[in-house]
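> Sharing a structure, written as structure tokens. Questions coming.
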Amino acid sequence: MLLNKNFYVGIDLGGTSIKLGIIDQSGNIIAQQESPTPSQRYEETLDLFVEMINKTGIPLREIISIGIGVPGFVDIEKGFIDILVNVGWENANLKEDLEAKINIPVFVNNDANLAAYGEVWQGAAKGAKNVICVTIGTGIGSGIVIDGNIYHGNNGMAGEIGHLPINPISGHLCNCGKIGCLETEASATAIVNYAIEVIKRGKKTIIPENPTTKDIFIAAKNGDEIANEAINNAAYNLGLALAQISHALAPDIIVIGGGVSKAGEQILAPIKDYFQQFSLEKLNKQTKIVLAKLENNAGIMGAAYYAMVKVKQ
């Protein structure tokens with residue numbers, strides 16, 4: 001039985017599932033829980049947070065603070081959320097409401113920011129001060145850490161690199177209403193859409209009908225021309241975008257995470273090549289580009305670290 005120790009709770013709230021971890025001051029995960037997200041049921045979700053903590057077996061008196069990562073914009077100081085589309089919340093006073101239930105300090109931030117913080121604390125960017133963490137999945141998001149602190153920018157809008165206009169003339173329509181945003185040209189969705197568009201022109205391929213991103217990476221390994229084109233197109237746009245961002249921020253390290261990062265060197269190597277092509281020589285030499293290490297634990301790890309840092313301020 002664990003006694004006389006201090007722990008932090010990290011919660012990663014997603015549209016599909018909630019991941020929760022009890023983490024000590026050294027970054028060790030003591031216990032974990034996962035549960036489906038109760039869509040559009042705010043009060044039930046708050047009760048579920050408490051239930052999940054209790055299920056870990058760690059007494060509430062042993063918990064110093066709680067960090068929560070959410071998929072949307074947050075009033076960082078108040079822990080207030082206007083809207084979370086993927087979860088079905090509106091006007092959620094998350095910090096205040098959960099603190100009233102559990103009597104433990106709660107700190108809320110954007111999930112991409114906290115995933116970046118996790119990689120800085122215990123992951124691929126451990127020890128680095130200036131970091132850009134890019135998540136490449138259905139869309140593209142990022143968290144930015146400057147001088148060891150999450151950079152939020154004006155109104156928490158920093159890090160929206162998925163909406164950089166990388167191909168504003170002939171690119172694809174984005175959900176935001178703009179043309180050629182980075183996530184329409186370089187995400188997992190973009191890789192699949194590129195391949196499908198080329199296949200429709202009648203090119204021979206081993207890519208199956210209705211492919212996944214994994215199918216395309218497998219086909220590329222087997223020398224499929226269309227698959228390699230689709231991956232190369234995404235890597236080109238990512239390398240270009242990261243070079244542009246790096247010219248402004250000069251990070252120590254860029255961490256590539258998300259589902260697409262599971263392809264490893266197959267996606268990392270061409271991103272590096274294009275980054276080198278588009279960045280200043282000195283910047284290229286001093287900037288490492290690496291794969292994320294924490295995978296599904298990045299969110300809970302970063303949320304717990306955020307809770308640790310904030311409660312000490």
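> Of the residues that sit in segment 160-186 and are of a type in the set (D, E, K, R) and buried (at least 17 other Cβ atoms within 10 Å of the Cβ), which one is farthest from the chain's Cα centre (by Cα)?
Pass one, segment 160-186, residues of a type in the set (D, E, K, R): 160, 178, 183, 185.
Subset that is buried (at least 17 other Cβ atoms within 10 Å of the Cβ): 160, 183, 185.
Values: GLU160: 11, GLU183: 13, GLU185: 18 Å.
My answer is GLU185.
> Right, something else. Being modelled with pLDDT of 95 or more and over 30 Å from TYR117 (Cα atoms): is that true of LYS221 here? Before you say what the answer is, go through the steps one by one.
Values: modelled with pLDDT of 95 or more: yes; over 30 Å from TYR117 (Cα atoms): yes.
Criteria met by LYS221.
> If I ask for residues that are under 20 Å from GLU197 (Cα atoms) and touching a residue at least 24 places away in the same chain (Cβ under 8 Å), which ones from segment 151-174 would you list?
Start the filter on segment 151-174 by keeping residues that are under 20 Å from GLU197 (Cα atoms), which leaves 166-174.
ILE166, ASN167 - these are the residues of segment 151-174 that are under 20 Å from GLU197 (Cα atoms) and touching a residue at least 24 places away in the same chain (Cβ under 8 Å).
> Would you mention how many residues in segment 261-311 are touching a Phe, Trp or Tyr at 6+ places or on another chain (Cβ under 6 Å) and small (Gly, Ala, Ser)?
Looking only at that region, the number is 4.
> Yes or no: segment 268-280 includes at least one residue that is under 19 Å from ILE140 (Cα atoms), assigned to a helix (DSSP H, G or I) and polar (S, T, N, Q). Write out each step before concluding.
Taking segment 268-280 and keeping what is under 19 Å from ILE140 (Cα atoms), we get 268-272, 274-275.
Keeping just the survivors that are assigned to a helix (DSSP H, G or I) gives 268-272, 274-275.
Narrowing the set further to residues that are polar (S, T, N, Q) leaves none.
So far as segment 268-280 goes, no, none of its residues is under 19 Å from ILE140 (Cα atoms), assigned to a helix (DSSP H, G or I) and polar (S, T, N, Q).
> I'd like the residue in segment 194-251 that is touching a residue at least 24 places away in the same chain (Cβ under 8 Å) and part of a loop (DSSP other than H, G, I, E, B) and, out of all such residues, is surrounded by the most Cβ atoms within 10 Å (Cβ to Cβ).
PRO251
> Using beta carbons and a limit of 8 Å, which pairs, at least six apart or on different chains, have the first residue in segment 293-306 and free of Cβ contacts under 8 Å to residues at least 40 places away in the same chain and the second one buried (at least 22 other Cβ atoms within 10 Å of the Cβ)?
As it stands, the answer is GLU295/GLY257, since those pairs meet every condition given.
> Right, here's the next one. Across segment 285-312, which residue is modelled with the lowest pLDDT among those that are in a helix (DSSP H, G or I) and polar (S, T, N, Q)?
ASN296
The values are calculated or read from the model by the stated rules, or taken from the named source; none is laboratory data. Everything numeric in this text was worked out from a predicted model, so none of it was measured. Cβ atoms come from the backbone with ideal geometry, glycine included; neighbour counts cover every protein chain shown.
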